[in-house]
Amino acid sequence: MKTALITGITGQDGSYLAEFLLSKGYKVYGLVRRLSTPNYIYLEHFLPKITLIEGDLRDQASLNHAVKLSQPDEVYNLAAQSFVATSWKQPEVTSEVTGLGALKVLEAVRHFAPHARVYQASSSEMYGNATENIQDEQTKFRPRSPYAIAKLYAHWISINYRESYGMYVCCGILFNHESPRRGIEFVTRKITDGVAKIKLGLANELVLGSLDAQRDWGFAGDYVQAMWAMLQQDKPEDYVISTGETHSVQDFVQESFAAVGISNWQNYIRQDPQFMRPAELFLLQGNSARAHNKLGWKPAVNFKSLVTMMVNADLERLKEKHRL
């Protein structure tokens with residue numbers, strides 16, 4: 001039986017990954033920060049099957065303890081301050097957790113589980129406003145936010161540990177991936193939650209920033225399978241994970257309203273400058289040919305299905321909450 005340690009297990013990716021690894025017969029450990037109110041909502045249906053260890057990416061001793069206790073075959077570093085807007089308001093915390101946190105994870109593995117294989121969650125945000133219309137593993141990085149810069153540090157330190165210490169470390173450069181478990185502060189979930197509220201008569205408008213930004217959106221449940229596949233290869237490499245399709249925020253809005261049978265979506269949208277980024281990215285689109293060819297990975301859920309899945313989940317949640 002293989003053992004995996006997942007940082008960020010309570011989040012969207014961590015919960016889907018834990019579920020997937022359990023289905024593969026893994027023993028799963030998860031690193032969790034101590035909170036006054038534990039946030040295990042996405043783990044509830046399989047919580048008895050996993051082992052949680054308290055720790056923090058800013059605390060080397062806690063990471064050392066987690067690695068020594070779990071003795072993992074595989075480590076997935078998914079924990080981060082992952083909201084771009086917050087990274088402008090809390091750049092130092094973002095740098096410590098998202099950037100230096102990855103270094104601390106690598107150090108813990110290097111000293112206490114040197115044969116473990118490590119997955120580092122890199123991000124398409126590192127490309128920023130790339131000069132190429134489609135980005136792959138060779139595209140130059142041009143980060144445009146404290147979050148992207150912190151992710152780029154984590155990415156390069158991971159590569160350096162792989163090359164300098166011979167560690168098995170893979171970086172997955174994942175493009176935007178969503179699900180019903182996406183945090184409510186992210187624009188996709190803000191849209192599907194808002195549309196569901198409008199459909200149920202709980203709201204009459206949806207307030208957004210730019211509708212023009214374009215992203216390559218996939219399903220998180222598909223993407224965690226690519227993370228696992230990276231660590232099953234003979235040689236560690238870095239991979240872009242994406243759908244290869246791009247859609248605008250407006251497309252996401254239209255598709256969400258269409259899912260609930262509302263065609264005049266413009267009547268419900270109000271744009272507010274406070275939701276604009278200081279340095280906006282307008283087009284991110286990934287080429288995941290390497291993952292297709294070497295990992296045999298392809299996304300299973302398309303854009304329309306993803307949006308419909310998210311809207312329906314928010315409708316059901318709100319109906320239950322408000323007893324509608």
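The values are calculated or read from the model by the stated rules, or taken from the named source; none is laboratory data. Please read all numbers here as calculations on a predicted model, not as lab measurements. Every residue, glycine as well, gets a Cβ built from its backbone with ideal geometry; the counts of neighbours run over all protein chains shown. With ligands, DNA and RNA removed, areas are computed over all heavy atoms of the protein, side chains included. Shrake-Rupley method; radii C 1.70, N 1.55, O 1.52, S 1.80 Å.
Here are a few things to note about the model shown:
- Scan of segment 13-23 for residues that are under 19 Å from the mean Cα position of the chain (by Cα), open to solvent by 20 Å² or more (accessible area, probe 1.4 Å) and not aromatic (F, W, Y), ordered by number: D13, E19
- Filter result for L106 (within 27 Å of R142 (Cα to Cα) and open to solvent by 20 Å² or more (accessible area, probe 1.4 Å)): no
- Top-ranked residue in segment 273-299 [being more than 20 Å from L231 (Cα to Cα), of a type in the set (A, V, I, L, M, F, W, C) and part of a loop (DSSP other than H, G, I, E, B); ranked as modelled with the highest pLDDT]: L284
- Positions within segment 109-119 being open to solvent by 40 Å² or more (accessible area, probe 1.4 Å), more than 20 Å from the chain's Cα centre (by Cα) and under 17 Å from L31 (Cα atoms), in sequence order: F112
- Scan of segment 301-324 for residues that are open to solvent by 90 Å² or more (accessible area, probe 1.4 Å) and not in a helix (DSSP H, G or I), ordered by number: R323, L324
- Members of segment 86-112 that are out of contact with any Lys or Arg (no Cβ under 7 Å at 6 or more places or on another chain) and small (G, A, S): S87, S95, G99, A102, A108
- S122 meets all of the listed conditions (1) assigned to a loop (DSSP other than H, G, I, E, B); (2) closer than 16 Å to S242 by Cα but one, namely (1).
- Pairs where the first residue, in segment 128-153, is in a helix (DSSP H, G or I) and the second is of a type in the set (S, T, Y) and open to solvent by 50 Å² or more (accessible area, probe 1.4 Å), C-beta under 7 Å, 6+ apart: P146/S95; A150/S95
- Residue in segment 77-97 that is closer than 21 Å to P236 by Cα, among the β-branched types (V, I, T), in contact (Cβ under 8 Å) with a residue 12 or more places away in the chain and in contact with a helix residue (DSSP H, G or I) (Cβ under 8 Å, 6 or more places away or on another chain) present: no
- Qualifying positions in segment 198-235 - more than 19 Å from L22 (Cα to Cα), open to solvent by less than 30 Å² (accessible area, probe 1.4 Å) and either assigned to a loop (DSSP other than H, G, I, E, B) or free of Cβ contacts under 8 Å to residues at least 24 places away in the same chain (or both): G209, S210, L211, A213, D216, W217
- Cβ-Cβ under 9 Å pairs, at least 6 apart or on other chains, segment 287-308 side closer than 13 Å to E245 by Cβ, far side in a loop (DSSP other than H, G, I, E, B) and open to solvent by 60 Å² or more (accessible area, probe 1.4 Å): N287/I134; S288/K298; N302/E245; F303/E245
- Of the candidates Y29, Y40, the single residue that is farther than 26 Å from S145 by Cα, modelled with pLDDT under 95 and in contact with a helix residue (DSSP H, G or I) (Cβ under 8 Å, 6 or more places away or on another chain) is Y40.
- Considering segment 148-191, and only residues there that are under 18 Å from the mean Cα position of the chain (by Cα) and polar (S, T, N, Q), the residue that is most open to solvent (accessible area, probe 1.4 Å) turns out to be N176.
- When we screen Q60, Q71, Q81 for residues that are more than 21 Å from the chain's Cα centre (by Cα) and closer than 25 Å to Y153 by Cβ, the only hit is Q60.
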